[in-house]
Amino acid sequence: MEETPRPDPDALLRRVQEEARATESKRGQLKIFFGFAPGVGKTFSMLESARRLKAAGTEVVVGCVETHGRIETAKQLDGLEVLPRRRIEHRGVKLEEFDLDAALARKPRVLLVDELAHTNAPGSRHARRYSDVLELLDAGIDVHTTLNVQHVESLNDVIRQLTGVEVRETVPDSVLDRAADIELIDLPPDELLGRLEAGKVYLGEQAERASRNFFQRPNLIGLRELALRRTAERVDADLARLREQQLVRGVAASGERVLVLVGTAPSSANVIRAGRRLAQSLHATWSVVWVDNPTGVAPAGTDLARLDHHLRLAESLGASVQRVTAPTVAQGVADVAERLGARHVVLGAPLRKRLRDRFRRSVLDSVLSLRPGAQVHVVSDASEWPAPPATQPRSIRASGVVAACGVVVLATAVGYLLRGIFTLQDQIMLYLVGIMVTASLFDRVASLVASTLAVAAYDFFFVPPVFTFSVDDARHALTFAMMFAVGLVISGLTLRVRRSEQASRDRENRTAALYALSRELTQTLEPRAMAVILARRARDVFGVDAGVVLDPHGAAMELQTTSGEFSLGSAERAVVRWVLDHGRPAGRGTETLPGSEVVAFPLIATTDCLGALVLLAKERGLEPGARDFVDAFVQPAALALERAQLSVEAQRASVKAEGEQLRTTLLRTVSHDLRTPLAAITGAATTLKDSTMTLPESERHALLESIEDESARLERLIGNLLDMTRLDSGTVTPRREWVPVDEVVGAALSRVERVLGKRPVRVEVKEGTPPLHVDPVLFEQVFLNLFENAAKYTSGGSGIDVEAQVEAGSVQVTVKDRGPGIAPGHEECVFEPFVFGSVGHGAGLGLAIVRSIVRVHGGSITASRREGGGACFTLRLPLERPPA
């Protein structure tokens, strides 16, 4: 029999987790009306759909719709609720924008937000409208919107090649992937051109300008093909997901992995988009790698910002980003490809090579040799290579040149003074040492200057004829060339070592910072202390003021920081509140509230946002490349906060469990002890009440005594429960008086005379024993409970001994009996509530109350076995001098 197809367990687990997250978050659904050009009818179709929904009883509100003067589109707004626009003044110009806060406050079932790729006016919460839509979806609002194919981020380079127009407003593909439904609005290109000529797309000069540029028939045909293909890919992905849910094989991801190499060149953005399209067509996962090559020039300034933009673009398109350091770019790519198992490598190459690229092996050839069997996809680009970046400011480079001149002058002076001792070969070695020193301290330009000056000085001062640049022996020309070449090689190797050392130091510093942060966080379970630790470490690592906000659901928003100068204003509080509510970074350098002076990152452990790390970035944002480290930096803190939260919850659960157990024990024990005297009282009272029975006087008296005894027993039990509650709550304050020991003991004996019966009681107060400085009422209860305990566990003829004396700087009172005694190892247990001996009965509160009263007076009580059998209870109170 054919084996029943089964799904991949990992894929099934991912699907279950995604469904669980979607259910928990209750996010809204996104529907996109997708077209290939303006004027195909996206907004009209969206409004038609909205009117049908409203007719069916669904609450529909128009948040933002652009009619562009089209009368047919404007008529579709009739009967629909339209939210007012928000007015923003920028540089003296009043602009109208979609009011996100009003939409969140209104919170309709379906909201219409036109033009998903729109750029918001400065001062808006988000830089782009798609970020507004994502926040609406997170709030549980269904959003219907419109989008043209030229605004899809992964197709940006294809659109530029097709139409010659570079589209600035793009939407990440992840937003399209999040859409629950994409409806293609199609129209034949000739009909669209007819609509353009009729003035139904643009009006006046704008229509004429569009017909000359973008709205050309070849362009429209190509755009239509891209829109149809993009929609077909979405349908294919939906079908694969559906079949996977139905547990059918053959449509899951192919298991391929695509690796994309990026750099600082502008063409890297197109390489990323090409890699994304390749991964989508292969149903493969993909990664983007940036190789930091120690032999090359470190990116700085504009190039560093461009590199950071490329990596952010890759993340927005769904790639995982890898930053590695390797001796060569090809080696780094090969290592990552082998580690990830990637068979497809995508890299870029300019059509016009630089001069130095013609004399060395290309990255393409190196990757093919290091990764045989890999399929390398080359994305060509006609753009010029950017100018070499400046790794250091001009002042530092000038100082390097001056230092190189000084080193050569010093080597020349030493060699000239010792010209009688040094040979020409010694002079060469002296100059090479100077070149090495220059290369180890300064940049490549300084090394080149030092090599050139060294050759010139060697020829002028030491090669015959001296003090001229002419050479008698032509073989010296080879010496000059070799000397210059060796100097360049030495400088290159030295610079490589310096770059490798700097990269290793940076990695070491980051690792040490993470280790120190984790170590300090493990030493405390107090969230505020953790917040201060994180703020201090963040300030040291990133070089800016830092703070941490905890209590994401509170309104106070207290900032934990190590600097009193760092505080949150209203704008900064808005950034932090948005981060706490949505669990995504916001502030300077992000898409959300980019005009703020701070940037905030959420502290997310497993699922919940536990707080936010706030970094002050007034003059500039974080350095490009620091974002990845911030994500790794906050993760240990988030886990530590979650650990502290779980510890508190575990303690609460333990206390609750103990309380439940105590309550159960109390009810089980007290219910029996309450029922016993009540049953006796009820039985005796019923007998006395029965008028049909004639009782002798002696029996009537016995029944009355039984009622009296059981009532007293019941009163003592309830009194013990109340006393225990008062003592444990700490509301009892003893009213101390000076009372003789025998007086307190005698008062207690008079109250338990009937309980003791015929048991003899011996009281001995040794000479020198001072009065007790205690609360007489409370301490009478101490002896009362001790005597009742002795009577409970002894026979009628067994005596009770009470002794008082001064010993070891304290007043010691001992109560001894001749009962069964205390089992070994149970000396402390007898003082716990609801604990009693095997032959005893009751609630087990008497000795617990005794210990609580003694502790209130600053004393202690212990239990031990008495010699010859029985129990011994010893009270110790601080020795105080009584008044005269």
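The values are calculated or read from the model by the stated rules, or taken from the named source; none is laboratory data. Small disclaimer: the values here were computed from a predicted structure and weren't measured. In this analysis, Cβ positions are derived from the backbone assuming ideal geometry, glycine residues included, and neighbour counts consider all displayed protein chains. For the accessible areas, the whole protein counts, side chains as well, though only heavy atoms, and no ligand, DNA or RNA atoms are used. Shrake-Rupley method; radii C 1.70, N 1.55, O 1.52, S 1.80 Å.
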Q | Val648 versus Ala632: modelled label distance in nm, points set 7 Å from Cα along the beta carbon direction | A | 3.1
(Q) Viscosity 1.306 mPa s, temperature 10 °C: what is the translational diffusion coefficient of the stretch 29-128 from Stokes-Einstein with a Kirkwood Rh over Cα pairs, rounded to a whole number of µm²/s? (A) 109
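Evaluate E = 1/(1 + (r/R0)^6) for Arg475 and Val414, where r is the Cβ-Cβ distance and R0 equals 25 Å; express this FRET efficiency to the nearest 0.05.
Efficiency computed from Cβ-Cβ geometry: 0.50.
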Q. Want the number for His582 to Ser380: 0.36 nm per residue separation, take away the alpha-carbon distance, what's left?
A. 68.7 nm
Q.
Could you tell me the calculated FRET efficiency between Val402 and Asp506, based on Cβ-Cβ distance and R0 = 22 angstrom, to the nearest 0.05?
A. 0.20
**Q.** Two-site label geometry, Asp238 and Glu72: point separation in nm, points 7 Å out along Cα→Cβ
**A.** 2.5
Q: Kindly provide the pair-distance distribution of the stretch 397-448 built from C-alpha pairs, with 10 Å bins from 0 and whole-percent values in order of increasing distance.
A: 28, 47, 22, 3
Q: Would you give the gap between the C-alpha center of the stretch 741-791 and the C-alpha center of the stretch 163-180, rounded to a whole Å?
A: 90
Q: Please express the shape of the stretch 447-493 as an equivalent ellipsoid: the semi-axes are the square roots of 5 times the eigenvalues of the C-alpha gyration tensor, given largest first in whole angstrom.
A: 21, 11, 5
Q. Out of residues 5 or more away from Ala349 or on other chains, whose amide H comes under 5 Å of its own, with H placed 1.01 Å from N in the peptide plane?
A. Val379, Ser380, Asp381
Q: Past 27 Å, Cα to Cα, is the threshold; run Lys42/Lys107; Lys31/Lys54; Lys689/Lys758; Lys31/Lys200 against it and keep the listed order.
A: Lys689/Lys758
**Q.** Virtual paramagnetic centre 7 Å along Cα→Cβ of Leu678, amide N under 13 Å, in the stretch 693-714
**A.** 714
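Evaluate the Kirkwood expression for the hydrodynamic radius of the stretch 405-553, namely the inverse of the mean inverse distance over all pairs of different C-alpha atoms, and round to one decimal in Å. Show your work: numbers first, answer last.
Working: mean 1/r = 0.0519 Å⁻¹.
Its Kirkwood hydrodynamic radius stands at 19.3 Å.
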Q) Rounded to the nearest 0.05, what FRET efficiency is calculated for Glu880 and Asp742 with R0 set to 25 Å and r the Cβ-Cβ distance? A) 0.85
(Q) Give me the net charge for the shell around Gln523: Cβ to Cβ below 15 angstrom, other residues only, Lys and Arg +1, Asp and Glu -1. (A) +3
Q: Whenever you get a sec, compute what percent of the accessible area on the stretch 454-526 sits on carbon and sulfur atoms (1.4 Å probe).
A: 65
Q: Treat each spin label as a single point 7 Å out from the Cα along the C-beta direction, and report the Tyr515 to Leu104 distance in nm.
A: 4.2
(Q) For the stretch 400-481, place one equal point scatterer on every Cα, skip the solvent, and apply the Debye formula. What is log10 of I(q)/I(0) at q = 0.12, 0.16 Å⁻¹? (A) -0.32, -0.56
